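Read the figures in this text as sums done on the coordinates, not as results from a lab. Please read these numbers as outputs of a predicted model, since none were measured by experiment. Note that we place each Cβ from the backbone using ideal geometry, even for glycine, and neighbour counts take in every protein chain shown.
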Amino acid sequence: MARYLFLILVSILPVICQSQVVQRYTREADKVSITLNEGTISIYPLRDRVVRIQYTQEEFAKLPELVFLPGNPLPEFSVSDLPSKIEVRTCALIDSIDKQTGKLTFSDTSGNLILSEQAGSRKLIPDTIMDESCYQAEQSFESPADEYIFGLRQFQDGLYNLKGVSRRLKQVN
């Protein structure tokens, strides 16, 4: 009986290991990089309640930073490698990524959900614009049935609650 159990475990182990999306993570002074099967998510804690999320599918040259100025004090943060997820915590925020699905979730320190990505919705689709390589980015988030979404006032079409409305955002400057 023990021999059969061992054979079953040995044959199932590769399938279990392949289904895990998260491969590893590394912590640096200013960020946590989580390597997934299809890319890398970097979580940069900027303030106790603010994080910057960067998703890349390949190594890229270090570009000059034009948005975030250097020298700002970083909040203290910790990383926990739990059986089902990796958590990055500040004193006010918990960012977690599910090891099986790669789904990113944000909650407060009491466990109240703030925002949750839809599993499998994160995409970077290779494209070109004027012979320059680029990506089309796509991402979806879970939304409770009673949630209203307001904003995007550049559209003068009379829609105020944008929940369920598709918008193509395009920079034309």
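Evaluated at 10 °C with a viscosity of 1.306 mPa s, what Stokes-Einstein diffusion coefficient in µm²/s does the range 30-108 have when Rh comes from the Kirkwood expression over alpha-carbon pairs?
Estimated diffusion coefficient is 118 µm²/s.
What are the GluC sites (Glu not before Pro) within the range 68-160 that DSSP puts in a loop, where the Cβ has at most 13 other Cβ atoms within 10 Å?
Sparse-neighbourhood loop GluC sites (Glu not before Pro): 76, 147.
Can you tell me the Rg and Dmax of the range 55-96, counting just the alpha carbons, in angstroms?
In order Rg, Dmax, the Cα atoms of the range 55-96 give 14.3, 37 Å.
Just how large is the dipole of the range 57-122 about the Cα centre, in debye to the nearest 20, putting +1 at every Lys and Arg Cβ and -1 at every Asp and Glu Cβ?
About 120 debye.
Report the percentage of all Cα-Cα pairs in the range 24-173 whose separation exceeds 27 Å, rounded to a whole percent.
The answer is 34 percent, as a whole percent.
Going down the table (31/99; 85/163; 99/163; 103/170; 103/123), which pairs top 22 Å between alpha carbons?
85/163; 99/163; 103/170
With equal scatterers on the alpha carbons only and no solvent term, can you work out the Debye log10 of I(q)/I(0) for the range 66-133 at 0.17, 0.21, 0.23, 0.28 1/Å?
Evaluating at q = 0.17, 0.21, 0.23, 0.28 Å⁻¹ gives log10 I(q)/I(0) of -0.80, -0.94, -1.00, -1.18.
Please list the non-local residues whose amide H lies under 5 Å from the amide H of residue 46, H modeled 1.01 Å from N, same-chain partners needing a gap of 5 or more.
Result for residue 46 returns 51, 52.
So how long is each side of the range 97-173 along the principal axes, counting just the alpha-carbon atoms, biggest first, in Å?
Sorted largest first, the three principal extents are 47, 37, 19 Å.
Report relative contact order for the range 23-173 in percent, whole number only (criteria: Cα-Cα under 8 Å, sequence separation at least 6).
RCO, the range 23-173: 10 percent.
Residue 21's amide H: which non-local residues (gap 5+, or another chain) put their own amide H closer than 5 Å, with H modeled 1.01 Å from N in plane and none for Pro or chain starts?
For residue 21, the qualifying residues are 100, 101, 102.
Based on alpha-carbon centroids, what's the gap between the range 113-173 and the range 36-76 in Å, whole number please?
20
Using the Karplus curve 6.51 cos²θ - 1.76 cosθ + 1.60 with θ = phi - 60°, what ³J(HN,Hα) values do you get for each residue of the range 29-41, in whole Hz, with x for Gly and Pro?
Calculated HN-Hα couplings, in order: 4, 10, 7, 10, 9, 10, 8, 10, 4, 10, x, 10, 9 Hz.
Around residue 149, which amide H atoms from residues at least 5 apart in sequence, or from another chain, sit under 5 Å from its own amide H, with H modelled in the peptide plane?
162, 163
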